């Protein structure tokens with residue numbers, strides 16, 4: 001059964017910068033995870049349901065107009081979860097609306113935690129390394145326009161690969 005995810009891709013040059021940083025602090029999973037803001041976390045979907053999922057995502061994309069994202073500074077989910085992330089300073093409500101539209105119909109999933117748009121930069125590392133990531137990226141900042149999101153399918157050998165893109169509006 002395929003495992004999918006739905007996310008907003010972070011554009012270059014910031015995608016590579018953040019992925020390279022994540023790798024440099026020892027997060028070995030980073031090489032197989034494109035830099036993103038999650039809309040749907042990893043979820044198993046029946047192979048025969050993928051066409052319906054894609055139709056649903058195309059419909060969800062029409063419900064939200066393009067918007068701007070401003071990433072600035074760092075945050076953490078510790079002590080609940082060993083994650084350090086770059087924060088979404090602008091575009092939170094649009095991410096929430098888009099995630100809500102996507103997480104309905106065939107993709108109505110129960111989340112383990114409340115939805116909080118962010119860009120993970122360190123995950124499942126020791127506390128000193130998480131502290132370092134938190135401090136070193138505290139001044140990180142970028143802005144970009146979001147006009148689409150993507151469906152990703154996990155490949156055991158190559159990680160998360162975008163398979164379809166959905167234009168907003």
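The values are calculated or read from the model by the stated rules, or taken from the named source; none is laboratory data. All values reported here derive from a predicted model rather than from experimental measurement. A quick note on method: Cβ atoms are made from the backbone with ideal geometry, for glycine too, and the neighbour counts reach across all protein chains shown.
Table: residues versus (1) touching a strand residue (DSSP E or B) at 6+ places or on another chain (Cβ under 9 Å); (2) surrounded by fewer than 18 Cβ atoms within 10 Å (Cβ to Cβ); (3) farther than 23 Å from residue 151 by Cβ.
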residue	(1), (2), (3)
88	yes, no, no
91	yes, no, no
96	no, yes, no
110	no, yes, no
130	yes, no, yes
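Considering only residues that are within 18 Å of residue 33 (Cβ to Cβ) and touching a strand residue (DSSP E or B) at 6+ places or on another chain (Cβ under 9 Å), look in the range 141-158 and name the one that is surrounded by the most Cβ atoms within 10 Å (Cβ to Cβ). It would help to see each step written out before you state the result.
Step one: of the range 141-158, the residues within 18 Å of residue 33 (Cβ to Cβ) are 149-158.
Among the residues that remain, those that are also touching a strand residue (DSSP E or B) at 6+ places or on another chain (Cβ under 9 Å) are: 149-155.
On the way: 149: 28, 150: 20, 151: 24, 152: 24, 153: 15, 154: 16, 155: 13.
The qualifying residue surrounded by the most Cβ atoms within 10 Å (Cβ to Cβ) is 149.
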Hey, residue 84 under 15 Å from the mean Cα position of the chain (by Cα) and surrounded by 13 or more Cβ atoms within 10 Å (Cβ to Cβ) or not: yes
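Does residue 134 satisfy the criteria of being on the phi < 0 side of the Ramachandran plot, in contact with a strand residue (DSSP E or B) (Cβ under 7 Å, 6 or more places away or on another chain) and in a helix (DSSP H, G or I)? Please lay out each step first, then the result.
Details: on the phi < 0 side of the Ramachandran plot: yes; in contact with a strand residue (DSSP E or B) (Cβ under 7 Å, 6 or more places away or on another chain): yes; in a helix (DSSP H, G or I): yes.
Yes: the conditions hold for residue 134.
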Identity of the residue in the range 44-85, in contact with a helix residue (DSSP H, G or I) (Cβ under 7 Å, 6 or more places away or on another chain) and in a strand (DSSP E or B), that ends up farthest from residue 20 (Cα to Cα): 67
Single residue of 106, 114 found to be more than 25 Å from residue 14 (Cβ to Cβ), loosely packed, with under 13 Cβ neighbours inside 10 Å and modelled with pLDDT under 95: 114
Selection count where residues are out of contact with any strand residue (DSSP E or B) (no Cβ under 7 Å at 6 or more places or on another chain), buried (at least 17 other Cβ atoms within 10 Å of the Cβ) and more than 13 Å from residue 86 (Cβ to Cβ), scope the range 15-50: 2
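The rows are residues; the columns are (1) touching a residue at least 24 places away in the same chain (Cβ under 8 Å); (2) under 25 Å from residue 136 (Cβ atoms).
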{"site": "65", "(1), (2)": "yes, no"}
{"site": "73", "(1), (2)": "yes, yes"}
{"site": "77", "(1), (2)": "yes, yes"}
{"site": "82", "(1), (2)": "yes, yes"}
{"site": "96", "(1), (2)": "no, no"}
{"site": "119", "(1), (2)": "yes, yes"}
{"site": "125", "(1), (2)": "yes, yes"}
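Yes or no: residue 169 over 17 Å from the mean Cα position of the chain (by Cα) and within 25 Å of residue 56 (Cβ to Cβ)? I'd like the intermediate steps shown before the answer.
Numbers: over 17 Å from the mean Cα position of the chain (by Cα): yes; within 25 Å of residue 56 (Cβ to Cβ): yes.
The answer is yes for residue 169.
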Test set (1) exposed (fewer than 14 other Cβ atoms within 10 Å of the Cβ); (2) modelled with pLDDT of 95 or more; (3) within 15 Å of the chain's Cα centre (by Cα) - residue 69 fails condition number: (1)
